[in-house]
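A.B. asks: This is the structure I have questions about; it appears just below.
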Amino acid sequence: MITHTSQKSLARLCRQILFVPFLHNRWLTPTLRQELADHIARAERGHRGEIRLIIENHLPTNLAYHTDCRERALRLFGEYGVWDTSHNTGVLIYVNLCEHGLEIIADRGIDTHVCDEWQSLCQNTLDTFRQGDMAQGLMWLIGEIGRLLNHYFPCDDINGNELPNQIIHLK
């Protein structure tokens, strides 16, 4: 994993304080949350990997000056146990609505095989987000990560789900 040190940012802190969540997360309906969870469950079939999706409205105000989206995603990767899968194949998809940020954090088991592809997956997904289709971008990304996990860590055990598939929405 690459070491990352974020820069202090007064502008980032101000964006977080002034962010109005209900204007930016109306697309994330309960129905869509369930569809995303179901899509994760389907994308996790046939391999030993785990996918976790966290969508955050904005960085916590007490962290915003010192913490960027990458550092926040790394913290959440640990906090939600994505690193703690038996084959080290957990993948966190982190979306920060205020920052228009997307981070993919992968455990060492999968990152050693796929490290060159994460940036391209992020860029393609962000392009879809910019076109106004957050749901489609996330569905596509989840499917692509599932495809990569299936390629590098195939297995026949369809009951090996180690992490919940439900979406985490941090408000």
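A.B. asks: Within region 128-137, can one find any residue that is in contact with a strand residue (DSSP E or B) (Cβ under 8 Å, 6 or more places away or on another chain) and either at pLDDT 95 or above or over 30 Å from K8 (Cβ atoms) (or both)?
C.D. replies: no
A.B. asks: What do you reckon, is R75 without any contact (Cβ under 8 Å) to a residue 24 or more places away in the chain and of a type in the set (D, E, K, R)?
C.D. replies: yes
A.B. asks: Of everything in region 38-70, what is buried (at least 16 other Cβ atoms within 10 Å of the Cβ), of a type in the set (D, E) and outside any strand (DSSP E or B)? Give them in sequence order.
C.D. replies: E44, D68
A.B. asks: Let me ask something else about it. Could you say which residue among D68, D38 is modelled with pLDDT under 90, of a type in the set (D, E) and either over 13 Å from the mean Cα position of the chain (by Cα) or closer than 20 Å to L121 by Cβ (or both)?
C.D. replies: Every option except D68 fails the conditions.
A.B. asks: Does region 93-107 hold any residues that are under 10 Å from the mean Cα position of the chain (by Cα) and of a type in the set (A, V, I, L, M, F, W, C), and which are they?
C.D. replies: Listed by number, the residues that qualify are I93, V95, L102, I104, I105, A106.
A.B. asks: Could I ask something else about it? Return the pairs, sorted by first residue and then second, in which the second residue is at pLDDT below 95 and loosely packed, with under 15 Cβ neighbours inside 10 Å, the first residue lies in region 34-45 and is over 15 Å from I168 (Cα atoms), the beta carbons are less than 7 Å apart, and the residues are 6+ apart or on different chains.
C.D. replies: E44/N161; R45/I158
The values are calculated or read from the model by the stated rules, or taken from the named source; none is laboratory data. If you're wondering where the values come from, they're calculated on a predicted model, not measured in any experiment. Reconstructed Cβ throughout: ideal geometry from the backbone, glycine too, with neighbour counts over all protein chains shown.
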